Amino acid sequence: MAADITAEMFLKAFNKVGGDSSAAAQGVVNYKSLQSWRTSQIAQAAAAGAAAMAIPVAHMATLAADFVVLLRKMAVCAWGIGYKLGAPVDAEDDLAIILGLWSGAVEPDALSVTAVTASGAATLIAVNAAHPTFTQAVLTQILTQGGHTGATVIAGKVAGKAGGKMVLKLGKPALQMNAHKIAVKFSVMLGSKAVTGALPFIGALAGAAINAHFVNRFADAAETYYRAKLAYPNGPTEESRVPV
């Protein structure tokens with residue numbers, strides 16, 4: 001079907017979105033509450049969905065672009081939730097986990113990590129990480145449950161350097177592992193838009209409703225994730241915080 005999103009297409013779109021959360025950090029300070037931030041992001045996504053479906057039949061040409069716009073809006077909404085809650089935001093890695101939770105590719109119990117789990121993650125990965133983060137621990141659980149090991153992750157050359165220490169960026173490997181399930185979730189949305197977009201007026205309403213639904217559910221997953229992050233034994237750090 002023309003509206004199908006493949007795993008490869010999804011990964012390319014994810015790369016376009018990137019890991020820059022500055023727009024969320026700057027935008028969220030203008031909102032007094034978490035709910036007002038969520039409401040604004042859902043409304044913007046709905047408006048974009050309606051605009052993409054405004055012209056019957058011609059909407060097919062805009063679906064791919066609409067998908068990238070929606071993914072970006074979902075990311076900004078999620079990161080803003082993290083900032084508003086006062087959680088440390090690891091943009092790309094956080095997004096990989098939240099996409100997994102939202103799509104059903106990652107079970108909520110993956111967030112049930114402790115300081116012991118995180119220490120085990122450092123041992124498994126065998127890198128110089130004196131204080132493993134909640135995000136690292138969750139991603140390690142996701143990868144190991146999927147059959148990955150520290151050795152295979154390092155062999156994939158996802159190691160980076162920060163603060164003079166070797167650290168691993170585990171978001172991309174986890175995302176690649178779950179890309180098919182996430183792509184299927186988006187394909188369902190685009191399939192609905194492909195059908196309803198041929199109908200005058202109804203298409204625009206459907207586009208708005210579908211985008212709003214997706215962003216709302218994604219915001220739920222983001223809030224669940226960041227609240228779990230705040231509850232992690234080591235607590236939030238000052239890094240990546242903004243005034244709220």
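Observations
- Residue in the range 158-172 that is crowded, with 21+ Cβ neighbours inside 10 Å, at pLDDT 75 or above and not aliphatic (A, V, I, L, M) present: yes
- Residue list for the range 80-93, restricted to those being open to solvent by less than 10 Å² (accessible area, probe 1.4 Å) and over 17 Å from residue 133 (Cα atoms): 80, 81
- Selection status of residue 135, at pLDDT 70 or above and in a helix (DSSP H, G or I): yes
- Out of 6, 39, sole residue that is at pLDDT 70 or above, over 22 Å from residue 77 (Cα atoms) and either aliphatic (A, V, I, L, M) or open to solvent by 40 Å² or more (accessible area, probe 1.4 Å) (or both): 6
- Residue selected from the range 94-126 under the condition closer than 15 Å to residue 229 by Cα and at pLDDT 90 or above, by the criterion most open to solvent (accessible area, probe 1.4 Å): 101
The values are calculated or read from the model by the stated rules, or taken from the named source; none is laboratory data. Since this is a predicted model, take the numbers as computed values, not measurements. Heads up, the Cβs are rebuilt from the backbone with ideal geometry, glycines too, and the neighbour counts pull from every protein chain shown. Please note that ligands, DNA and RNA were not included when accessible areas were found on the heavy atoms of the full protein model with its side chains. Shrake-Rupley method; radii C 1.70, N 1.55, O 1.52, S 1.80 Å.
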